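Okay, structure first, notes after.
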Amino acid sequence: MIFDWDYPMAEQPLPIPEPLGIVLLSGEYERAHYALLMATAAAATGRRTILFATNGGIRAFLKPRADGAPGWTTLAHPDGAAKRDAELRARGVAGFAELRQSAAELYVQLIVCETGLLAMGLTADDLDPALPGEISGVVRFLETVEGGKTLSF
């Protein structure tokens, strides 16, 4: 039976969407931007979303540089991450800063990989303290996403 006619449609409970895990492995601007775009879109639909940053992807969450530029501007792009971000914003696409803020507001769970930090020669002090998140490992990510789907960027 597809419908339970004795149960009004407006009162039928909506299924709880399975969690979505997003692995950000790449240090390329385009991949990091799209991982954030995907994470915020998923969270906006009510889906529990976990963003796991490791290796080069950790650069998306670095603290501001000494010159005041956002840490994410160290992401790789042929024209520079800041220039590409400005181009996207000029075309009406959400920029990196807006996506990071939206991810925090939508409660995207950020996990920065402890092993990835070591592999990149970084520490917790290199991360942007304004971002909510945790430093943990692959096991924590897998436990958090259990029963859900995983994407990789």
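Could you check the stretch 71-85 and list, in sequence order, the residues that are out of contact with any strand residue (DSSP E or B) (no Cβ under 8 Å at 6 or more places or on another chain) and closer than 13 Å to L36 by Cβ?
A81, D85
Which of the residues spanning the stretch 20-53 are touching a Phe, Trp or Tyr at 6+ places or on another chain (Cβ under 9 Å), hydroxyl-bearing (S, T, Y) and surrounded by fewer than 23 Cβ atoms within 10 Å (Cβ to Cβ)?
S26, Y34
How about the stretch 21-54: which of its residues are among the basic types (K, R) and in a helix (DSSP H, G or I)?
R31
So which residues in the stretch 64-88 are closer than 13 Å to L127 by Cα and under 16 Å from the mean Cα position of the chain (by Cα), if there are any at all?
G71, W72
Considering only the stretch 96-139, state which residues are crowded, with 18+ Cβ neighbours inside 10 Å and either without any contact (Cβ under 8 Å) to a residue 12 or more places away in the chain or part of a helix (DSSP H, G or I) (or both).
F96, L99, R100, S102, A103, G116, L117, M120
Under 9 Å by Cβ, and 6 or more places apart or on different chains, what pairs join a residue from the stretch 59-70 that is surrounded by fewer than 19 Cβ atoms within 10 Å (Cβ to Cβ) and among the basic types (K, R) with one that is modelled with pLDDT of 95 or more and part of a helix (DSSP H, G or I)?
Pairs found: K63/G71; K63/D125; K63/D126; R65/G71; R65/T73; R65/T74.
The values are calculated or read from the model by the stated rules, or taken from the named source; none is laboratory data. Bear in mind the structure is a predicted one, so any value in this text is a computation, not a measurement. As a convention, Cβ positions derive from the backbone with ideal geometry for all residues, glycine included, and neighbour counts pool all protein chains shown.
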